[in-house]
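The next block holds one structure in the form of structure tokens; read it before the comments.
Only the coordinates and a few stated rules stand behind these numbers; no lab work does. Since the model is a prediction, treat every value here as computed from it, not as a measurement. Cβ coordinates were reconstructed from backbone atoms using ideal geometry, including for glycine residues, and neighbour counts include every protein chain displayed.
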Amino acid sequence: MPLVESEAIILRSRAWGEADKLVSFLSRARGRLRGIAPSARRSRRRFGAALEPLSHVRLWFFEREGRELVRLSQSELIEGFWDARGDYQRSLALSQVAELAELLLPEREPSDKAFRLLLATLEGFKGAESIWLPLAYFQLWSVRLAGWLPGLQECGRCGKSLGDEPGYFSVDRGRAFCRGCRLPGMRTLGAASRRTVVEMLEKPLPKLSPEAWDRRRAAELGALLLDVIEYHAEHKLTTRELLDEKA
Ligand SMILES: [Zn+2]
């Protein structure tokens with residue numbers, strides 16, 4: 001039973017049995033995992049506050065052959081990202097980041113790219129006045145890393161470049177269509193949003209300008225990306241409706 005030491009980000013933790021916690025986390029060394037933190041609800045000696053959702057921690061755990069759940073041994077807080085200001089909308093946005101990470105990152109597949117994306121997103125939330133840019137950035141990159149990002153710059157039917165015209169999109173087509181080719185019921189994605197998609201795929205989050213990223217544009221792109229996620233993952237996101245209601 002080798003002891004693994006790794007940087008990790010806690011995604012979710014909940015009560016397990018009498019005194020334990022079941023913890024879902026993304027580790028740098030082993031990818032996304034779930035494990036038991038023994039006696040974590042009874043004593044804070046070994047884990048302290050370092051099992052709170054969206055904490056960046058150093059984690060020690062045992063992998064057990066043939067067992068799905070690892071056994072957590074110790075956890076040390078590097079930085080906590082949960083927003084204690086009581087802003088409900090921000091909490092929901094952070095919950096959606098955790099939900100997407102749990103849903104989309106495959107278990108036991110280490111990915112430095114995914115780890116750095118999650119950490120950069122949490123840092124983005126910490127500094128930002130507005131939640132919409134870091135949230136959209138995480139949604140977009142999650143879809144990209146899952147290999148589900150549709151073509152958004154040319155018409156998927158006639159091949160014409162969309163240029164400054166809006167694109168029209170539905171998940172079952174997997175491509176944007178031009179005005180001439182669009183079908184009823186397709187979502188619209190404006191030229192400004194499509195330009196921002198290109199920018200977000202080229203630049204790191206701190207280099208993007210939050211002013212260019214208002215709620216309306218985030219909603220337009222987010223609706224499309226979350227459609228793609230729900231369609232491919234065959235899963236209805238619990239945070240989606242709540243966040244839409246608060247918007
Ligand atoms: Zn067309």
Which one, W16, Q74, L54, projects farthest toward the positive side of the charge dipole computed for segment 3-80 from Cβ point charges (K/R +1, D/E -1)?
W16
Over segment 164-225, how many percent of alpha carbon pairs lie in each 10 Å bin up to the one with the longest distance?
21, 51, 24, 4
Rg in Å to one decimal, and Dmax rounded to a whole Å, for the chain via C-alpha atoms:
19.7, 64
Net lengthening on full extension, D87/L145 (0.36 nm per residue, minus Cα-Cα):
18.0 nm
Dipole of segment 172-247 (Lys/Arg Cβ +1, Asp/Glu Cβ -1, origin at the Cα centre): which of A219, T239, A191 lies farthest to the positive side?
A191
Put a dot 7 Å past each Cα toward the Cβ at L237 and E165; how far apart are the dots in nm?
2.9
Restricting to DSSP loop positions (anything but H, G, I, E, B) with no more than 15 other Cβ atoms inside 10 Å of their own Cβ, which trypsin sites (Lys or Arg not before Pro) remain in segment 51-144?
R64, R67, R85, R108
Report the FRET efficiency, 1/(1 + (r/R0)^6), for K207 and E18, where r is their Cβ-Cβ distance and R0 is 45 Å, rounded to 0.05.
0.40
Determine the relative contact order of segment 114-231: mean sequence separation of Cα pairs under 8 Å and six or more apart, normalised by residue count, in whole percent.
28
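How big is the dipole moment of the chain about its Cα centre under a simple scheme where the beta carbon of each Lys and Arg is +1, that of each Asp and Glu is -1, and everything else is neutral? Debye, nearest 20, please.
The calculated dipole for the chain is roughly 180 debye.
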Segment 128-247, convex hull of Cα, quarter of hull surface, nm² -> 7.5
